[in-house]
Amino acid sequence: MAYETIRYEAAEEIATVTLDRPAKMNAYTTQMGVEIAEAMLRADADGDVRVIVMTGAGDRAFCAGADMGMFARDIKSREGGAADDKPREAKDSETSQQRRAGVGLPFIMRNLSKPTIAAINGFALGVGCTMTLLFDVRIASDNAKMGVIFPRVGLMSELGSSYLMPRLIGLSRTAEMMLTGRQYTAQECLAMGLVSRVAPQGGLVAATKELAGEMLQCSPTSLAYTRKAIYSGLDGTLETAMAFEGFALEKCYVSPEHKEYVTAFLAKRKPDFRGLKRR
């Protein structure tokens, strides 16, 4: 797939997806949603990729929300107007595509086998904020601002954020964010647990690489099962968590990565998980 609104790069076992509309502060479009979903599936299927990172082009914004032109076209289309020269059939298809991408992305992200990091540089507003909730870890630059601004533009939050955010930061803080549409600084987001780290604006890339590097020291099999356990635990019980842990632990015991770690430990060397065939 040729990308129009994102960049995809894979190097040193890290896939980096960059929202690439810097002139528009990386505003979200229908096409961008489709491309993000495809890029995540591509990275997950790539045996040479072990960590997935998403960030925004430039230093002004991760994603400043949805493109207002998209909303204007949608309104005109519904009212029977013609916002551009596209035939009505094409516009209907575009709207349907947008909805499918929005519905599908949370499930794609939940079912990935690899850890994900959102490196939030600058504004992350509206969908630019809620899409970060789909990532395992969020790191923000110190100039970042995050906001669930939907009520201020006559909409409401999406991408499963009304399910995810209360589980991340609690009901009261979620209610404040979602019912005011206010923008919060990086330090405020760190204090409430919405992000786990804040890095200097010029140091976000380095901080993200450092965190990804720590993940790369871990067993891919272990990380895949651990991700599944964490997210299954959101709705499960102690009993279901322990049952899955027992199942996953048996898989890990017989994994080539566990054997490699024990062998490396006894040989007093660092384990090397690269090139091992996962079961």
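How about the stretch 1-82: which trypsin sites (Lys or Arg not before Pro) there lie in a loop by DSSP and see at most 10 other Cβ atoms within 10 Å?
Answer in residue order: no site qualifies.
Using a Förster radius of 41 Å, what is the FRET efficiency between Y163 and A2 based on their Cβ-Cβ separation? Nearest 0.05, please.
With R0 = 41 Å, the Cβ-Cβ based efficiency is 0.75.
Between rounded, prolate and oblate, where does the stretch 102-226 land on the alpha carbon gyration tensor, with a ≥ b ≥ c its root eigenvalues, rounded for a/c under 1.5, else prolate if a/b exceeds b/c?
Note, shape of the stretch 102-226 comes out oblate.
Which option, (i) 0.97; (ii) 1.51; (iii) 1.08, is the value of Cα Rg over 2.2 N^0.38 Å that was calculated from these coordinates?
(iii)
Just to confirm my numbers, what's the Cα centroid distance between the stretch 33-65 and the stretch 190-218 in Å?
16 Å
Report relative contact order for the chain in percent, whole number only (criteria: Cα-Cα under 8 Å, sequence separation at least 6).
Relative contact order here is 15 percent.
Note down the accessible area of S255, probe 1.4 Å, to the nearest 10 Å².
10 Å²
List every residue whose amide H lies under 5 Å from the amide H of R197, counting only residues 5 or more places away in sequence or on a different chain, with H placed 1.01 Å from N in the peptide plane.
Placed amide hydrogens put A140 under 5 Å from R197.
Quick check on the stretch 142-205: take the gyration tensor over C-alpha atoms, sort the square-rooted eigenvalues as a ≥ b ≥ c, and tell me if it's rounded (a/c under 1.5), prolate or oblate.
prolate
For the stretch 190-245, which trypsin sites (Lys or Arg not before Pro) are in a loop by DSSP, counting at most 14 other Cβ atoms within 10 Å?
Here no loop site has a sparse enough neighbourhood.
In degrees between 0 and 90, to the nearest 10, how far off the longest principal axis of the chain does helix 238-253 point, with axes built from Cα atoms?
Compared with the principal axis, the helix lies near 60 degrees.
For n ≥ 4 DSSP H runs only, could you compute -39500 (n - 2.57) per run for the chain, divide by its residues and tell me the 222 nm figure to the nearest 500?
Numbers: 11 runs with 133 residues, N = 279.
So the helix-based figure for the chain works out to -15000 deg cm²/dmol.
The values are calculated or read from the model by the stated rules, or taken from the named source; none is laboratory data. What you see is a predicted model; the values in this text were computed from it and never measured. A quick note on method: Cβ atoms are made from the backbone with ideal geometry, for glycine too, and the neighbour counts reach across all protein chains shown. Accessible surface is based on the protein model in full, side chains and every heavy atom, while ligands, DNA and RNA are left aside. Shrake-Rupley method; radii C 1.70, N 1.55, O 1.52, S 1.80 Å.
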